[in-house]
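Chemist: This is the structure I have questions about; it appears just below.
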Amino acid sequence: MTQRLFEILARRYSSRDVTKPWVFWRFNVDQDTGERKAAPFKDRRELIKNLCNRAGVRHFRFHALRHSGASIMDNQNVPMGAIQRILGHENRTTTEIYLHSIGETEREAISAYENAIQKVSHKSHTEMDKGLGQPTQTIVTT
């Protein structure tokens, strides 16, 4: 998960409507009455797709978060048994399938990507705040 996606999810949680029992919800139109009613998202795929679009990242499936989390824990030397219990796997072999170790080169690449996106995002938000419409996004390299 990129830092940008984390920030969007954290902001969404902190700014949620506390009068509703959901963090992620939308208005649905009742087919019989035409009345708009608040309801939770029923489809994780739709929710993740909308969040990815807002974060400006390529769409991924919810299940990818489990793989990512397992890999991050593995890279932080969390014991395999703990990861297995967190994921709810009965078999250690299943947990091992989830682990995708990445090296320092890949971490540096991810960091460079996030830094570039932050620069673009900051520029985009500044232009949008000034009412300039859709900004043109360019990545500046040094």
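Chemist: Given the options THR105, THR142, THR94, THR136, name the one that is surrounded by 11 or more Cβ atoms within 10 Å (Cβ to Cβ) and either modelled with pLDDT under 75 or over 18 Å from ARG4 (Cα atoms) (or both).
Modeler: None of the others qualify; the one that does is THR94.
Residues checked against (1) more than 27 Å from SER68 (Cβ to Cβ); (2) more than 15 Å from the chain's Cα centre (by Cα):
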position: LEU5; (1), (2): no, no
position: SER15; (1), (2): no, yes
position: LYS20; (1), (2): yes, yes
position: TRP25; (1), (2): no, yes
position: ASN28; (1), (2): yes, yes
position: GLU35; (1), (2): yes, yes
position: ALA38; (1), (2): yes, yes
position: PHE41; (1), (2): no, yes
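Chemist: List pairs: first residue in region 35-61 and closer than 14 Å to LEU5 by Cα, second residue basic (Lys, Arg) anywhere in the structure, Cβ distance under 6 angstrom, at least six positions apart or on different chains.
Modeler: What qualifies is ALA55/ARG4; HIS59/LYS49.
Chemist: Could you figure out which of (1) under 18 Å from the mean Cα position of the chain (by Cα); (2) modelled with pLDDT under 85; (3) part of a loop (DSSP other than H, G, I, E, B) isn't true of GLY69?
Modeler: GLY69 satisfies every listed condition except (3).
Chemist: Go over the candidates ARG44, ARG26, ARG36 one by one and state the one that is exposed (fewer than 13 other Cβ atoms within 10 Å of the Cβ) and more than 30 Å from ILE110 (Cβ to Cβ).
Modeler: ARG36
Chemist: Here is a follow-up. Could you tell me which residue of region 6-36 is farthest from ASN115 (Cα to Cα), considering only residues that are of a type in the set (A, V, I, L, M) and in contact with a Lys or Arg (Cβ under 9 Å, 6 or more places away or on another chain)?
Modeler: Within region 6-36, the subset of a type in the set (A, V, I, L, M) is 8-10, 18, 23, 29.
Of the ones still in play, those that are also in contact with a Lys or Arg (Cβ under 9 Å, 6 or more places away or on another chain) are 8, 23, 29.
Numbers: ILE8: 16, VAL23: 28, VAL29: 41 Å.
Looking at the filtered set, the residue picked out is VAL29.
Chemist: Further question on the same structure: Would you confirm whether or not region 114-124 contains a residue that is at pLDDT below 60, in a helix (DSSP H, G or I), exposed (fewer than 13 other Cβ atoms within 10 Å of the Cβ) and not aromatic (Phe, Trp, Tyr)?
Modeler: Narrowing region 114-124 to residues at pLDDT below 60: 124.
So of that shortlist, the ones also in a helix (DSSP H, G or I) come out as 124.
Still in the list and also exposed (fewer than 13 other Cβ atoms within 10 Å of the Cβ): none.
Checked region 114-124: no residue is at pLDDT below 60, in a helix (DSSP H, G or I), exposed (fewer than 13 other Cβ atoms within 10 Å of the Cβ) and not aromatic (Phe, Trp, Tyr).
Chemist: Sticking with this structure for a sec: Of all the residues that make up region 73-91, how many are within 22 Å of the chain's Cα centre (by Cα) and surrounded by 15 or more Cβ atoms within 10 Å (Cβ to Cβ)?
Modeler: From region 73-91, those within 22 Å of the chain's Cα centre (by Cα) are 73-76, 83, 86-88; that's our starting set.
Subsequent filtering for residues that are surrounded by 15 or more Cβ atoms within 10 Å (Cβ to Cβ) retains 73-74, 83, 87.
Number satisfying all stated conditions: 4.
Chemist: Moving on. What single numbered condition from (1) part of a helix (DSSP H, G or I); (2) basic (Lys, Arg); (3) touching a helix residue (DSSP H, G or I) at 6+ places or on another chain (Cβ under 9 Å); (4) loosely packed, with under 13 Cβ neighbours inside 10 Å fails to hold for ARG12?
Modeler: (4)
Chemist: Which of the residues belonging to region 36-95 are in contact with a helix residue (DSSP H, G or I) (Cβ under 8 Å, 6 or more places away or on another chain) and on the phi > 0 side of the Ramachandran plot?
Modeler: GLY56
The values are calculated or read from the model by the stated rules, or taken from the named source; none is laboratory data. Remember, it's a predicted structure, so these values are computed and weren't measured experimentally. Every residue, glycine among them, receives a Cβ derived from its backbone with ideal geometry; neighbour counts consider all protein chains shown.
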